[in-house]
Every structure is written in structure tokens, then in C-alpha cells.
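Structure first, commentary second.
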Amino acid sequence: MLELYQFEASTFAEKIRLILDYKQVPYRKVEVTPGVGQVEVFQLSGQRQVPMLKDGELVIPDSTAIALHLEKAYPNRPLIPTDPKQKGLCLALEAWADEAIVPKARVVMVGAFKQHPNFRTALLPGFTPGPLRDLIGALPGDVLNLVGTGVGFGPQDIKIATAGLRQDLEALVLMLQGSPYLLGDTPTLADFAVAAATMYLKFPTAQYVELPEGIGGKGVPGLVDVPEFKTFFEWRDRLYAEFRTARTNVPPASPGSGPTPISID
């Protein structure tokens, strides 16, 4: 069986899980402990990043390389169009999702981290003592602004990222007019890359990823509550419902640190 070395909360890992489910290829998740667990990843692949796929003797890092391998090794339910122009658009949209939408989504998550106490505390490791968890949840937003600025995510960065994501979502809504998927009547790698990239802007309505109960359908204020973007998130939820396997049907992850839960008020 394929083994997917991953962080449960990674959007790039989620892209590969979507693809594996779409292609109906069985796999086992191997949850990597940040830091010490990445030593094994390095020993297997010569680098420390996840997701990483182990397919027999083959070890493939990087979500795009994994997707291309799966397309070649498991051609059932193809991901990439054969028409040259459609193929080019598919690969360009995947790169856009990975390299533009994902980084901006991370920045707006920092904004939600500052504004929503439950979001902050849910990001903490499970072993965090209760008093420290309460303290972090109670920190005022202006203190957290200083923290965000220290890592390059100040208020202006969040404002710019939010504006950029609004433009991205507007473009996606336009692309979906008149067709069920981004490039026509069948889903492609572009659809799954975009769906995964936007997972933490608004959580899917069902439990596909190991996250707290009750947060399905919730997301980042100022993006998910904009009426013009409703059709996009409805499309994203439909894509999940059609092709993503509920997490209870996926073989359990091997022992490790476990996923990092995220929640929003």
C-alpha cells in the first residue's frame, strides 16, 4: 500500500489526499512529527519537506511531483488533459494555487489567529498546560500584532493578502461559470489544487481532515461571508462530497505527534 508522509493540516498533503481519493488508490497516512520525525523523511528522500509519497521502492517528495507520479503510475481517472492548451492551463492553475493562493491563505490565517481566541488555542499542541492555553487565548490583538510583525505578517501584510484572495476568489467564480469544473466537464489537477489551497479559508462541511467537531462550513471572516464568493465555496464543497473520502474510511495514521487542530469562532 502507498504511504503518504504528511502533516495532517498541510494544504499540500490535502491536495494529494484529494487526488488519491479521486483515483481510488488505497494509501496509509504516516503523520510526521515536526522536527524529529523529519529525520526519517530526510533519510528516505534526502530532504525534509512533506508531503512525501512512498510507492514501493520509489520515494517522491513535493506535491506536484507526487501528483505527476500518480498520474503516470495510476492512469485510471486522469488528472491532466491531453489537449496541449488545456494541459498548459491545468498546470498553470495548479502552480497559481500552490504558489499564490496558499501563501496568502497562510497570512490571513495569522489575521484570524490574532482576532479569534479559539483559533489561537486550537493551534497549540495538545500537551500545552491549561493555564498557558488560557493566557494565550486572552492575549490582546495589539500584542499579537507585534508577534505577527516579527514573522513578517503585520496588519498591512494581512490586509494585502486579504485583498489578493478576494481577487483570486472573484477570478475562480468567473472560471466556474457555465461548467462544473475549472477546465470543463471533468475535474483535473487544477481543481484539486485549488480546493486544497482554500481549505482553511472555509472548512469543508464534513469531517475529511482530523479537525474539531462543529467547525465544518466556518471560515475566515471577510472572505467566506462575501455573497459573491458563495458559488465558489459551494463548488468546493461539492467537489469534496463527490470525490473526497471521509477520514473514518482512511487507514489510521501511524503513531506520531498527531494533527494540529484548528478552529474558528
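Read-outs: derived from the displayed coordinates by stated rules, not from any lab. All of these numbers come straight from a predicted model, not from anything done at the bench. Backbone-built Cβ (ideal geometry, glycine too); neighbour counts: all protein chains shown.
Before moving on, here are some points about what is shown:
- Among Leu183, Leu68, Leu53, sorting on how many other beta-carbon atoms sit within 10 Å of each Cβ, with the fewest leading, yields Leu68, Leu183, Leu53.
- Which of Ser179, Ser63, Ser10, Ser45 has the fewest Cβ neighbours within 10 Å, and the rest in rising order: Ser179, Ser45, Ser10, Ser63
- Exposure proxy ranking, count of Cβ atoms within 10 Å, fewest first, for Leu89, Leu172: Leu89, Leu172
- Radius 13 Å from Cβ of Leu79, net charge of other residues (Lys, Arg +1; Asp, Glu -1): +1
- Entry note, the range 2-79: relative contact order of 35 percent, from Cα contacts under 8 Å with a spacing of 6+ residues.
- Viscosity 1.002 mPa s, temperature 20 °C, Stokes-Einstein D of the range 2-79 from Kirkwood C-alpha radius, µm²/s: 173
- Charge tally around Lys202: other residues with Cβ under 11 Å, Lys/Arg +1 each, Asp/Glu -1 each, net 0.
- Pairs exceeding a 29 Å alpha-carbon distance, out of Lys15/Lys87; Lys87/Lys159; Lys72/Lys104; Lys85/Lys159: Lys87/Lys159; Lys72/Lys104; Lys85/Lys159.
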